Each structure stands twice: as C-alpha cells, then as structure tokens.
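J.: Below are the structure tokens for one structure; questions will follow.
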C-alpha cells in the first residue's frame, strides 16, 4: 500500500515440496508451498530457524531443486541460478582477494562489460550503499555491515529484476541492522526491484515488508500471509507497527498453546 | 604516545630472546664437549665452526650445498606443477576424490626413502634419482593441501560466483584459484621443509654428492667435526628456506587481502 506494487505476478511457487532424506529417515523441509510474489514487491519470509525459509529461497534462486512442484518466474520455470535474480547471503559471499571496487565489478566483468563502463557503473552503486572512500579496501578491513553493503552493491550492479536476501543482516549488531534496513528500503524504492527477504526477526519483517509470509516448521509450511498496510518510512514505535507485531506474536504462541 | 617506546621494547625483546636461548644452547654444547673431552664423540662448537671454514675454503661445502639445493628445487618444482592442478581437480569433483583417495592414502605414508632402491634402479646414479625422491616427497603434501583448499572455499563464494554467471575458465581463474592460493602456498611451504629433510637422508643412503653425502664421507674419514659442521649448515639453510617462503607467503596474503596491513 505504501509503495507501488504492480498487479502482475513475478514469482509463482506451485506446490513446492522439499524432502531431505538419509538412510534412516526423511525430513519434510517444505510441505506443498503455494505462494505468489508480485512485481516490485518487498516480500518477507518470516519464521523460526529450521522452518525451511532459506530452503525455499534457495529453490526460488535456483540453487536447489524442489523434490516436487515448481517455481515460475514470469511464467518460466527456474532451473539454475541466473544473474537476473541475485542472492545476497548472510555471510556475504564477497571475494576476500578483491577490493570493494573489484567485488562490485565482478558480475559486470563476467558479463563482459568493458573496463571504463563497469567502473562507472560500480561507482554509482558504491555511492548508493555509502562506501565512497573504501573502493580500494579489501573485505578484511571492513566491518560486517560494510561487507553486506559491498554484497548489495555487487548485486545491484548487474541490474537484477529480483534480489533474494537470506538473513542478510543476521550477523550485524542491532543498531547497524536498523540503519541498513532503512537504507535498503530507500534503495528498493529508488531501484524498483522485487525483493524476497528471509528473516527470523519480527521487527525486521514488519519494517521492511509489503507482505509477510509467516512460516512454521516441521514440516515447513506457510502459516499465514499478512499485509503490512503502513506508509514508508515506517516508525517502529507507531501503533500500527505494534499491532502487527502483536498479531504475529499471537500466531506463534497461540499455535504453541494449542499444541 | 607512551606506548611507542613500549612497542619498540617489545620488538627488541622479540629479537634478543631468541639470541639468548641460542647462546644458552651453544654454552651447554660447549660445556658438554669439555666434559666428554673427545673431539671424536662430541666436537665443540668452535671446532665445528673451524670445520665450516675449512669446508668453505676448499670449496666442498658450496659444491655439495648447491647440488642439494638444485635437487630440492627441481624435484619440488616438478611436483608442484603436477600436484597443484591434480589437487584442484580432486578437490572440485567429489567423485574423483572418492575414487582416488584410498590410493593416495596408501601411497602417502610410504617414506620417500623407501623409494631409493627403485629410484636408483630406474634412474641410475647422479641427480635424477634424487630429484625423483624429492618429487615423491613433495607431491603428496602439495596435492592434499590443494585439494583441501578447494573444499574449504566458502559455499557462498561459489554460489555467488555461479549466480553472476561465472563458468569454466572464468570460475577457475577468477574464483577458485585466488580463493585457494593462500592455502596452496602453506602446502608448498610445508612440503619444501620436508623435502629439505629428506634430501639429506636420500643423499646419505644412495648418492655420491650433496650435503648428506658430505656428512657420510666426513664420517668415513673420522672427521666428526665436519659431520657436525654439515648438520649446522643444514639447519641454517633450512631456516633460510622457511624464512624466504614465509615472506613470499605473507606478501601474497597481503596482496590477496587475506590478512590486513
């Protein structure tokens, strides 16, 4: 509601089931998941660890294959990772031997874009994530929050349609996390990307998401789908925020009580 | 500001303490040689130094030292050229690793010295069997460290590279090689150290030249001072080799951003 969500479906998840089995027993990580994510939407997958939210993200991004069902992006079945849909990992996945600049240029280099051109593009996104002055640093010299900024800039540089984010701010301190969330929303609104964001942090999901899929574990299922009808930028202390937070709390604990 | 002289003191301490320990060792050695009172059973430090000078002056030391170093260099280089790519392949393809690992684990524990009879049979007398022995010595440590370097690459680094479309030669050149480089260099350093230990043993058993042979020859002439002189030289050259590779390694780590400043 706060943003311009288009009406067309970007990602369609159809009956996706994922089984992990070893010799003795099998585990249902995902149980017949159905979900539709809209073009330009900021979509959050929220759930406790082990609920399969990262597995679902990995399947959407093409890193894993579902045991059953399929994921369609713009109607086409996803079979392998593709630079049009870039993942940002919790542990960054940036290259320690490359400087910030070289990291951001990586995807462009693989695409075969010529040196001056990719330098120009990298500059834009290094500026966007606030890393001006750190271009020549190596990741080892950066804080966790800054490393994640590098990862985000590297993703944005290839101009992807979708950015998958797998608990990207899980390893940074609370204050830095809030700052990064704020900047991510700003970038998302400027760049008009579809973002699928995995988190176990309720506040984070409410602050970021247009919609939130609350997941439960064993087996991994979508328990409920919530709209976040709040204008942006959002305040973590306003009534709407707290009301949604309470609703999600109840989702978890009511369920636990009934068990 | 006060911690500047402190840091200076610390560095001084780091330099002085090892010298004190070494001095202590040499004094004990000297004391023992006085007690034993036989230059045959235990030559004193001073007679060892005299022997080093004698060997330096008549040219034998340099000849044998260069022979040993050349053998180590050639065997080690050949082994690395083969073992690094094979190790990378085994590390990348789990199937290949599973297939070859048992064979490697059987060949690896065979002491390179045990290969000497075959080496002499196949390559005769001279540098070739020694180079072969060093090749065997260096091959497995380099192979194993290269393979494990590949397996230790962060999963997200590979996933990110795949995500951006890196394939084949790009993947190897821009991701796998640089990611593995630091650990491969550690493997090279370790295997060079072992090679230096093995070359002396090999030259004592089956060669007619090199530092190992020099020591054996000195014993046959009852020049135990020269035996000890040879041992001292081996130790010092070993230290020098390790320092050299260490500084190369540190340079690479810094350049590749694996350690700061």
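J.: Hey, could you check segment B:171-186 for residues that are buried (at least 22 other Cβ atoms within 10 Å of the Cβ) and without any contact (Cβ under 8 Å) to a residue 60 or more places away in the chain and say which is farthest from the chain's Cα centre (by Cα)?
T.: Checking each candidate, the answer is B:175.
J.: Now for a different question. From the residues in segment A:167-179 that are in contact (Cβ under 8 Å) with a residue 60 or more places away in the chain and surrounded by fewer than 24 Cβ atoms within 10 Å (Cβ to Cβ), which one is farthest from residue A:209 (Cα to Cα)?
T.: Going through segment A:167-179, the residues in contact (Cβ under 8 Å) with a residue 60 or more places away in the chain turn out to be A:167-168, A:170-171.
Still in the list and also surrounded by fewer than 24 Cβ atoms within 10 Å (Cβ to Cβ): A:167, A:170-171.
Values: A:167: 14, A:170: 16, A:171: 20 Å.
Looking at residues that are in contact (Cβ under 8 Å) with a residue 60 or more places away in the chain and surrounded by fewer than 24 Cβ atoms within 10 Å (Cβ to Cβ), I get A:171.
J.: Continuing with this model, one more query. Among the numbered conditions (1) surrounded by fewer than 16 Cβ atoms within 10 Å (Cβ to Cβ); (2) under 19 Å from the mean Cα position of the chain (by Cα); (3) assigned to a helix (DSSP H, G or I), tell me where residue B:136 comes up short.
T.: Single failed check for residue B:136: (1).
J.: How many residues does segment A:129-155 contain that are over 20 Å from residue B:174 (Cα atoms), touching a helix residue (DSSP H, G or I) at 6+ places or on another chain (Cβ under 6 Å) and either within 14 Å of chain B (Cβ to nearest Cβ) or not in a loop (DSSP other than H, G, I, E, B) (or both)?
T.: Here the count works out to 2.
J.: Considering segment B:157-170 alone, what residues qualify as being assigned to a helix (DSSP H, G or I), farther than 16 Å from residue A:94 by Cβ and at the interface with chain A (Cβ under 9 Å from one of its Cβ atoms)?
T.: Kept after step one, since they are assigned to a helix (DSSP H, G or I), are these residues of segment B:157-170: B:157-163, B:168-170.
From what is left, the residues that are farther than 16 Å from residue A:94 by Cβ are B:168-170.
Passing the criteria: only B:170.
J.: Sticking with this structure for a sec: Quickly run through segment A:41-63 and pick out the residues that are at pLDDT 95 or above, part of a loop (DSSP other than H, G, I, E, B) and over 16 Å from residue B:157 (Cα atoms).
T.: Matches in segment A:41-63: A:41 only.
J.: Can you find even one residue in segment A:35-53 that is within 14 Å of chain B (Cβ to nearest Cβ) and in contact (Cβ under 8 Å) with a residue 60 or more places away in the chain?
T.: Of all residues in segment A:35-53, those within 14 Å of chain B (Cβ to nearest Cβ) come to none.
Checking segment A:35-53: not a single residue is within 14 Å of chain B (Cβ to nearest Cβ) and in contact (Cβ under 8 Å) with a residue 60 or more places away in the chain.
J.: Of the residues B:62, B:89, B:104, B:116, which single one is in a helix (DSSP H, G or I), under 21 Å from the mean Cα position of the chain (by Cα) and within 30 Å of residue B:173 (Cα to Cα)?
T.: B:104
J.: Any residue at all in segment A:82-98 that is buried (at least 16 other Cβ atoms within 10 Å of the Cβ) and more than 10 Å from chain B (Cβ to nearest Cβ)?
T.: Of segment A:82-98, the ones buried (at least 16 other Cβ atoms within 10 Å of the Cβ) are A:82-83, A:85-98.
Subsequent filtering for residues that are more than 10 Å from chain B (Cβ to nearest Cβ) retains none.
No - not one qualifying residue is present in segment A:82-98.
J.: Residues that are in the same structural domain as residue A:204 (by TED's automatic domain parsing), under 15 Å from the mean Cα position of the chain (by Cα) and within 15 Å of residue A:215 (Cα to Cα): does segment A:56-78 have at least one?
T.: yes
J.: For segment A:55-77, name all the residues that are out of contact with any helix residue (DSSP H, G or I) (no Cβ under 7 Å at 6 or more places or on another chain), more than 12 Å from every other protein chain (Cβ to nearest Cβ) and buried (at least 18 other Cβ atoms within 10 Å of the Cβ).
T.: A:55, A:56, A:59, A:60, A:73 - these are the residues of segment A:55-77 that are out of contact with any helix residue (DSSP H, G or I) (no Cβ under 7 Å at 6 or more places or on another chain), more than 12 Å from every other protein chain (Cβ to nearest Cβ) and buried (at least 18 other Cβ atoms within 10 Å of the Cβ).
J.: Can I ask one more? Within 14 Å of another protein chain (Cβ to nearest Cβ) and under 22 Å from residue B:97 (Cβ atoms), is that true of residue B:152? Spell out how you get there, then give the answer.
T.: Details: within 14 Å of another protein chain (Cβ to nearest Cβ): yes; under 22 Å from residue B:97 (Cβ atoms): yes.
For residue B:152, the condition - within 14 Å of another protein chain (Cβ to nearest Cβ) and under 22 Å from residue B:97 (Cβ atoms) - is met.
J.: Right, another one. Under 8 Å between Cβ atoms, at least 6 apart or on separate chains: pull out the pairs that start in segment B:6-30 with a residue that is modelled with pLDDT of 85 or more and end on any residue that is assigned to a helix (DSSP H, G or I).
T.: Sorted first by the residue in segment B:6-30, then by its partner, the pairs are B:26/B:45; B:29/B:45; B:30/B:45; B:30/B:46.
J.: Within segment B:211-223, take every residue that is touching a residue at least 24 places away in the same chain (Cβ under 8 Å) and farther than 18 Å from residue B:57 by Cα and give me the one that is surrounded by the fewest Cβ atoms within 10 Å (Cβ to Cβ).
T.: B:222
J.: Here is a check on your reading of the model: is residue B:217 touching a helix residue (DSSP H, G or I) at 6+ places or on another chain (Cβ under 9 Å) and more than 19 Å from residue B:44 (Cα to Cα)? Before you say what the answer is, go through the steps one by one.
T.: Numbers: touching a helix residue (DSSP H, G or I) at 6+ places or on another chain (Cβ under 9 Å): yes; more than 19 Å from residue B:44 (Cα to Cα): yes.
The answer is yes for residue B:217.
J.: In addition: I'd like to check something: does segment B:194-203 contain any residue that is over 26 Å from residue B:22 (Cα atoms), touching a residue at least 12 places away in the same chain (Cβ under 8 Å), touching a helix residue (DSSP H, G or I) at 6+ places or on another chain (Cβ under 8 Å) and buried (at least 22 other Cβ atoms within 10 Å of the Cβ)?
T.: Taking segment B:194-203 and keeping what is over 26 Å from residue B:22 (Cα atoms), we get B:202-203.
In the following step, the residues that additionally are touching a residue at least 12 places away in the same chain (Cβ under 8 Å) were identified as B:202-203.
Next, only the ones that are touching a helix residue (DSSP H, G or I) at 6+ places or on another chain (Cβ under 8 Å) stay: B:202-203.
Keeping just the survivors that are buried (at least 22 other Cβ atoms within 10 Å of the Cβ) gives B:202-203.
Yes.
J.: Let me confirm something: among B:153, B:131, which residue is over 28 Å from residue A:168 (Cα atoms) and touching a helix residue (DSSP H, G or I) at 6+ places or on another chain (Cβ under 9 Å)? Outline the logic, then answer.
T.: Values: B:153 fails: over 28 Å from residue A:168 (Cα atoms).
Only one candidate qualifies: B:131.
J.: Which one is farthest from residue B:162 (Cα to Cα), of the residues in segment A:180-189 that are touching a helix residue (DSSP H, G or I) at 6+ places or on another chain (Cβ under 9 Å) and touching a residue at least 60 places away in the same chain (Cβ under 8 Å)?
T.: Among those residues, the one meeting the criterion is A:185.
J.: If residue A:224 satisfies every condition in (1) touching a helix residue (DSSP H, G or I) at 6+ places or on another chain (Cβ under 8 Å); (2) more than 22 Å from residue A:85 (Cβ to Cβ); (3) surrounded by 16 or more Cβ atoms within 10 Å (Cβ to Cβ) but one, which is the exception?
T.: Checking residue A:224 against (1) touching a helix residue (DSSP H, G or I) at 6+ places or on another chain (Cβ under 8 Å); (2) more than 22 Å from residue A:85 (Cβ to Cβ); (3) surrounded by 16 or more Cβ atoms within 10 Å (Cβ to Cβ), the one that fails is (3).
J.: Find the residue count for segment B:61-87, including only residues that are over 13 Å from residue B:139 (Cα atoms) and touching a residue at least 40 places away in the same chain (Cβ under 8 Å).
T.: Residues meeting the conditions: 9.
J.: Further question: I'd like to verify a number: residues in segment A:71-109 that are in a strand (DSSP E or B) and in contact (Cβ under 8 Å) with a residue 40 or more places away in the chain, how many? So that I can check it myself, show each step before the final result.
T.: From segment A:71-109, those in a strand (DSSP E or B) are A:71-73, A:76-77, A:82, A:85-89, A:92; that's our starting set.
The next check asks that each one be in contact (Cβ under 8 Å) with a residue 40 or more places away in the chain; those that pass are A:71-73, A:85-89, A:92.
So the count comes out to 9.
The values are calculated or read from the model by the stated rules, or taken from the named source; none is laboratory data. Remember, it's a predicted structure, so these values are computed and weren't measured experimentally. Here the Cβ is made from the backbone with ideal geometry for all residues, glycine too, and neighbour counts use every protein chain on show.
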